[in-house]
Amino acid sequence: MIPARWRHMMLIRVLRRAAASALDNNKASGDGEDSIRSVVELVDELRTIVARVESTVSGKEGRSAVIPIMKSLLSLDNELYKAISVGACKYDNGIHPKHRLMKYHEFFCKNVGTEDTVLDIGCGNGFLTSDVAKCTSGRVVGIDMNRGNIDFAKKHYHADNIEYIYGDVNTDIKPGHFDIVILSNVLEHLSNRVGFLRQVREKVSPSEFLLRVPMYEREWMVPLKQELGIDYLLDATHEIEYTQEQFFEELKAAGLVPEAWEIRWGEIWCCATPE
């Protein structure tokens, strides 16, 4: 007879394949009621299987027997996180609800003066850029390397004092001066972050950087995933998710001084000025 722990691992793998198939079918067939119902039923099956797995791992199995199950569950957690993020955007009509629930726009807006010029690097869909532009009469530029993001921003988040640019800040922004540079969830995508910050300083001579980055120390499952060899990053394109020490070391190496900072929602929000 197959041991219970292996049966449960097999069930998890089958469910993951079924979930992926159902989600693909849902994308292909649109938002039809039958398609949505099938996914809801699949989630109900997941609850049943998770309960059975929980019963196994809380039983008399030893550590070595539980490790393969933990790896499968932690991998499944990553896949569920991605699926929930996709659904969450649809739930809020195309905008991720983190903008609304985390209220991080307020951090940026309260640190922008009424006449400040602002460069929002990696502006995404323009939602944050638009809110910042309401706080100042100065010029606001949003730049992003994703053309789809820029097209969306121009259509939905335009204003008289906003200019959106499709391109790279190193090649498509002219040398000059901006009072504020915004980097909201951008640095973690870069490999040479210190060099990038120095280049931005030299090019646009900002008076202040407003930074937002994800933390490694956001919950206990992050180091556990790393310990077990499971992907622990929030996004496959992330080069880093910061400890406090790493973040402030990089600021120092880039010649920036943190003037004010706070930790919220597993992120560091920081105002930094050039030395």
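The values are calculated or read from the model by the stated rules, or taken from the named source; none is laboratory data. Nothing here was measured: the structure is a model prediction, and the numbers come from that model. Cβ placement follows ideal geometry from the backbone for every residue including glycine, while neighbour counts extend to all protein chains displayed.
For the stretch 248-257, the set of residues classified as surrounded by 15 or more Cβ atoms within 10 Å (Cβ to Cβ) and either over 22 Å from the mean Cα position of the chain (by Cα) or not assigned by TED's automatic domain parsing to the domain that holds residue 185 (or both) consists of 254, 256, listed by residue number. When residue 174 is tested against the conditions (1) of a type in the set (D, E, K, R); (2) under 30 Å from residue 71 (Cβ atoms); (3) part of a loop (DSSP other than H, G, I, E, B), the lone failure is (2).
When the stretch 53-107 is limited to residues that are of a type outside the set (A, V, I, L, M, F, W, C), loosely packed, with under 14 Cβ neighbours inside 10 Å and over 23 Å from the mean Cα position of the chain (by Cα), the one that is nearest to residue 267 (Cα to Cα) turns out to be 54.
Please count how many residues of the stretch 128-140 are farther than 19 Å from residue 168 by Cα and touching a Phe, Trp or Tyr at 6+ places or on another chain (Cβ under 7 Å).
Start the filter on the stretch 128-140 by keeping residues that are farther than 19 Å from residue 168 by Cα, which leaves 130-138.
Now narrow it down to the ones that are touching a Phe, Trp or Tyr at 6+ places or on another chain (Cβ under 7 Å): 130, 132.
Selection size over the stretch 128-140: 2.
For the stretch 178-189, the condition holds for at least one residue, the condition being that it is of a type outside the set (A, V, I, L, M), modelled with pLDDT of 95 or more and more than 22 Å from the chain's Cα centre (by Cα).
Restricting to the stretch 75-117, give me the number of residues that are part of a helix (DSSP H, G or I) and not aromatic (Phe, Trp, Tyr).
Restricting attention to the stretch 75-117, the residues satisfying the condition of being part of a helix (DSSP H, G or I) are 75-91, 98-102, 104-110.
From what is left, the residues that are not aromatic (Phe, Trp, Tyr) are 75-80, 82-90, 98-102, 105-106, 109-110.
So the answer is 24.
Given the structure, is residue 268 touching an Asp or Glu at 6+ places or on another chain (Cβ under 6 Å) and aliphatic (A, V, I, L, M)? When the stated conditions are applied, residue 268 does not pass them.
Search the stretch 135-171 for residues being assigned to a helix (DSSP H, G or I), in contact with a helix residue (DSSP H, G or I) (Cβ under 9 Å, 6 or more places away or on another chain) and of a type outside the set (S, T, N, Q), and hand back the single one that is farthest from residue 105 (Cα to Cα).
Applying the first criterion (assigned to a helix (DSSP H, G or I)) to the stretch 135-171 yields 147-156, 169-171.
Right, trim to in contact with a helix residue (DSSP H, G or I) (Cβ under 9 Å, 6 or more places away or on another chain) and you get 153, 156, 169-170.
Now drop any that are not of a type outside the set (S, T, N, Q), which leaves 153, 156, 169.
Details: 153: 16, 156: 17, 169: 22 Å.
Going through the qualifying residues, I end up with 169.
Which of the following residues is more than 30 Å from residue 63 (Cα to Cα), free of Cβ contacts under 8 Å to residues at least 24 places away in the same chain and surrounded by fewer than 15 Cβ atoms within 10 Å (Cβ to Cβ): 245, 227, 239?
On the way: 227 fails: more than 30 Å from residue 63 (Cα to Cα); 239 fails: free of Cβ contacts under 8 Å to residues at least 24 places away in the same chain.
245 is the lone residue from the list that is more than 30 Å from residue 63 (Cα to Cα), free of Cβ contacts under 8 Å to residues at least 24 places away in the same chain and surrounded by fewer than 15 Cβ atoms within 10 Å (Cβ to Cβ).
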